[in-house]
Amino acid sequence: MTTPPVEVTGLVKTFGSTRALDGLDLTVAQGEVHGFLGPNGSGKSTTIRVLLGLLRPDAGDVRLFGGDPWRDAADLHRRLAYVPGDVNLWPNLTGGEVIDLLGRMRGGLDPTRRAALVDRFGLDPTKKCRSYSKGNRQKVALVAALAADVQLLVLDEPTSGLDPIMEAVFTDCVDEFRAEGHSVLLSSHILAEVERLCDRVSIIREGRCVESGTLAELRHLTRTTVTAELERVPDGLAGHAGVHDLAHTDHRVRFEVDTASLDPVLGVLREGGITSLTATPPTLEEMFLRHYGDRVEEVTP
Amino acid sequence: MTGAGLLLRAFLRRDRWMIFWWVLAGVLLYWTQAISVAGLYATQEEFDTAAELMGSNPALIAMAGPDRALNTVGGQVAWQSTAFGAILAGLMSMFLAGRHTRAEEESGRDELLRAGVVGRRATTSATVGVLLVANALLAVGIAVSLVTVPLAVADSVALGVGVALCGMLFGGVALVAAQLTASTRTAYALTGVVIAAAYALRAVGDLGRPTLTWLSPIGWYQQMYAFSGLRWWPAVLLLLAGVLALVGAYAVLDRRDWGAGVLATRPGTPHASAALGTPVGLAWRLQRGAVVGWGLGLFAIGLSYGSIGNDAGDLIGDSEAARQMMVAGGGDLVAGFYAMSMTILALMAAGFAISSATRARGEEEAGHGEAVLATARSRTEWLAAHVSVTVGGTVLVLGLGGLGLGLADALVTGEGSSVWQFTWQTLAWLPAVLALTGLTRLLYGVRGRLATLGWLGLAFAVVVLVLGEILRFPDWLRGFSPFEHLARMPVEDFDPGSFGVVLGVAALLSFAGWFTFRRRDFG
């Protein structure tokens, strides 16, 4: 197996007395799109800047394609392209100039691919960056990154200014990139995008990775909402370790169940004689709210 | 106008330190002049002799102003401080005007304000309020400080009021510029050109073409004749021009779209030229406008100095005092004049060089540096690109100044060798200029935001050069200015040793800057 493009263990970064990253772990495997999630200010952009060699880690091990991004930033960057969350471009250069400039500084870009991407994203490359809207500045950065011949894309909230049509174009482009066997680190708040694109996700909070895995694995750690009509409420239900927030009126019960305890709890329910049953798996929103919110300790297995 | 009062209070709060430092610098400019001259001469005869010498030196006339009552303390203050005072007030007002209007609009912050209960004219009106406050403080500070020296009250007040009116006028020009262009940088450049033109017009005017003086606001200020037969009516010209500028700014403001300038932004090229593909190409592209602007400016100033240089001897020839200076200085007057011209050109070139050296900081702060460093370019390459453009640009700017000087002299005297000789002699100041950029680079390397302090190096060099003799600075203190170590050609012979040493110091400072820069966080 090849070395993973991104391998971070125990990363610590402090700014004065603020501990922005506090022992962060993150691995992006070859060929996967890795979602990087977390509330604002949790350290996503700091992690990315350390990965790019812009910030110097205080402790921990950071590997980019097996190399040290602080020492060999330039060499390693030949193999990656980056789209910042806040795209700031030179106000007096045109979008086309910026795409060419960034491409050449990365070691050249494919002109046909560039033309195709400019066309797909509907970008006017003759306008000065000063007059671009946020979405259009993002398109410039995206075209520059996607037109490059690289193995890793580092994208920091790349679609926050794009309209839904452009977002679909972006999603297609990422799919094509992955199909070539390349990897993507995608920081995003748009959960639908994450669900659609990401093979695995890492959730960070206050500078630490609190959860990492495939979406299915993460779902497994959270609760399913169950509503059932029963002939009678079985005795074992209220006391079951996997059942939470139980509410019942006569023959109707509603509760949340740890997804891992779903099978035994359903066994208990059957004793009551099920007449109707709805089970709703956690939505991504619920999942992330749980991780982002204050109840994070509860779900730790 | 809704919301202007609230905005004014917020602006003043934001600007309070900035205004404080500018006003303090302005007041000190006048006040130190007064007290240093007051204690300088033991007898009036000595003063008369010195005054005669100064008044007959065309380079000084061109730099400061017309020869009027130079043998009095008040006359000296008016002569030495007014031109620079007007420039200082102009720059203060320009930055105050720009930062609240076009800079806020360009960044989008003003959009947030304007979405509130705030009228179209509120931002501009509050900015005018800030300008009034800052310039009034400057006027009061100058007048009060001069009265305490003590100097005549009416004339002291006139110096204060005059400089404040200059400040308001240039502030008004900056507000007009902010309406014309969509870029803050361009607005500053336009205003800077107006201030420079005002200074240059009066310089040439004072040397013998009075009509040109009357085209310059700084000329109007000096024509108030403070301490040499004060008259107030030229102040009315300043006032009228200032009002006109403000009316113009409002007229455009009422007609233009938010965020847009009057000068249209043309579509550019869809592809980058071959040169724009490396950090050097990028740094050059970002700075070429400044290099060309400064280069042409210094070329023009060199031309104007060179066109009068050969007459320096004739103008001063009869003067007893001048002969004394010739004996003391050990060189001939023309050479002395050119040595001074070259020093001034070098100091101006240092202005370009330091602003160029702080450009890396600007790129880092704006987030543009991050985009470059995320590509396959190292920090060292990125910084080296900025350094090479600073060095190359400085050579160009300084060389063009020397070329202008030599070209004009060659045209006047018919001696073609002046062209390359003066160019080379002006370029010989390069190490001193580069040492100042080296200092800036070291400050930047240690911490990005310290880079701006590099300007203090230039300020110190100017103070040492202008006041070092008068205030009798000790040698060790003067030694900190790199300009003190190089040979003053053509009065002195070229000294390769000091040239090499100062160049070495510049390189060492740059190296230290690179060394620290590589080790710190970026962005």
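Any read-out appearing in this document is the output of simple, stated calculations on the displayed coordinates, not a laboratory observation. Worth saying up front: this structure is predicted, and the values here are computed from it rather than measured. Please note: Cβ atoms are built from the backbone with ideal geometry, for glycine as well, and neighbour counts cover all protein chains shown.
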Exercise for the section: Taking every Cα atom in chain A, find the radius of gyration and the maximum pairwise distance Dmax, and write them in Å. Expected result: 23.1, 74
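May I ask you to give the average projected area over all directions of the convex hull of the Cα atoms of chain B, in nm² rounded to one decimal?
Reported value for the Cα convex hull: 25.8 nm².
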Completion exercise
Taking the range A:1-109, the equivalent ellipsoid from its C-alpha gyration tensor has semi-axes in Å, biggest first, of 25, 19, 13
Handout entry: Positive-end extreme of charge dipole, chain B - chosen from B:374, B:340, B:275 (charges on Cβ)
Key = B:374
Problem - Size of charge dipole - chain B - debye, nearest 20, with Cβ of Lys, Arg +1 and Asp, Glu -1, no other charges - result: 2380
Handout entry: Options B:233, B:435, B:250, ranked by Cα towards positive dipole end of the protein assembly as shown, top entry (Cβ charges)
Key = B:233
Handout entry: Gaussian network model of chain A, Cα within-10 Å springs - most flexible of A:28, A:226, A:194
Key = A:226
Practice task
For the range B:370-415, state what percent of all Cα-Cα pairs lands in each successive 10 Å bin, counting from 0 Å until the bin that includes the largest distance.
Solution key: 24, 27, 20, 15, 10, 4
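Given contacts defined as C-alpha pairs under 8 Å and at least six residues apart, what's the relative contact order of chain B, whole-number percent?
About 14 percent, as a whole number.
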Problem - Principal semi-axes in Å for the range B:171-224 [√(5λ), Cα gyration tensor, largest first] - result: 26, 10, 7
Practice task
Using only the alpha-carbon atoms of the range A:154-208, report the extent along each of the three principal axes, biggest first, to the nearest angstrom.
Solution key: 33, 27, 17
Problem - Kirkwood hydrodynamic radius over Cα pairs of the range B:139-229, then Stokes diffusion coefficient at 25 °C and 0.890 mPa s, in µm²/s - result: 171
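Going from the alpha-carbon gyration tensor of the range B:11-60, what semi-axes, largest first and in whole Å, does one get by taking the root of 5 times each eigenvalue?
On the way: eigenvalues 253, 37, 4 Å².
Calculated on Cα positions only, the semi-axes equal 36, 14, 5 Å.
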Handout entry: Rg and Dmax of the range A:54-189, Cα atoms only, in Å
Key = 14.9, 45
Problem - Relative exposure of B:433, B:144, A:33, B:372, judged by other C-beta atoms within 10 Å (fewest first) - result: B:144, B:372, A:33, B:433
Exercise for the section: Could you work out the relative contact order of the range B:78-176, using alpha carbon pairs under 8 angstrom and six or more residues apart, expressed as a whole percent? Expected result: 45
Completion exercise
Least to most buried among B:56, B:273, A:261, by other C-beta atoms within 10 Å and fewest first, runs B:273, A:261, B:56
Practice task
Please report, to one decimal in angstroms, the Kirkwood hydrodynamic radius of the protein assembly as shown built from all distinct Cα-Cα pairs.
Solution key: 30.9
Problem - Percentage relative contact order, the range A:89-224, counting C-alpha pairs under 8 Å, at least six apart - result: 20
Fill in the blank from the handout: Computed, not fitted: 222 nm per-residue ellipticity of chain A from DSSP H runs ≥ 4 (each -39500 (n - 2.57)), nearest 500, equal to -9500 deg cm²/dmol
Completion exercise
Residues whose modelled amide H sits under 5 Å from the amide H of residue A:33, counting only those 5 or more places away in sequence or on another chain, are A:184, A:199, A:200
Handout entry: Relative frequency of Cα-Cα separations exceeding 20 Å in the range B:421-483, percent
Key = 39
Practice task
Specify, per residue and in Å³, the volume enclosed by the convex hull of the alpha carbon atoms belonging to the range A:186-300.
Solution key: 108
Fill in the blank from the handout: Once the in-chain neighbours fewer than 8 apart are removed, the lysines whose Cα is under 25 Å from residue A:44 read A:13, A:134, A:139
Problem - Kirkwood hydrodynamic radius of the range B:36-112, Cα pairs, Å - result: 15.0
Exercise for the section: Inverting the mean 1/r over all pairs of different Cα atoms, compute the Kirkwood radius of the range B:430-523 and quote it in Å. Expected result: 14.1
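Dividing the alpha-carbon Rg of the range A:97-148 by 2.2 N^0.38 Å yields what?
Relative to the 2.2 N^0.38 Å estimate, the range A:97-148 comes out at 1.02.
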Exercise for the section: Work from the charge dipole of the protein assembly as shown (Cβ charges, +1 for Lys and Arg, -1 for Asp and Glu, about the Cα centre) and give the residue of A:111, B:515, A:261 farthest towards its positive end. Expected result: A:111
Exercise for the section: Please grab the % of Cα pairs in the range B:478-523 that end up more than 18 Å from each other. Expected result: 46
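Out of all DSSP beta bridges in the protein assembly as shown, what portion is antiparallel? Express it as a percent rounded to 5.
Restricted to the protein assembly as shown, the bridges split so that about 70 percent are antiparallel.
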Completion exercise
Projected onto their principal axes, the Cα atoms of the range B:1-143 stretch, largest extent first, over whole-Å spans of 67, 25, 20
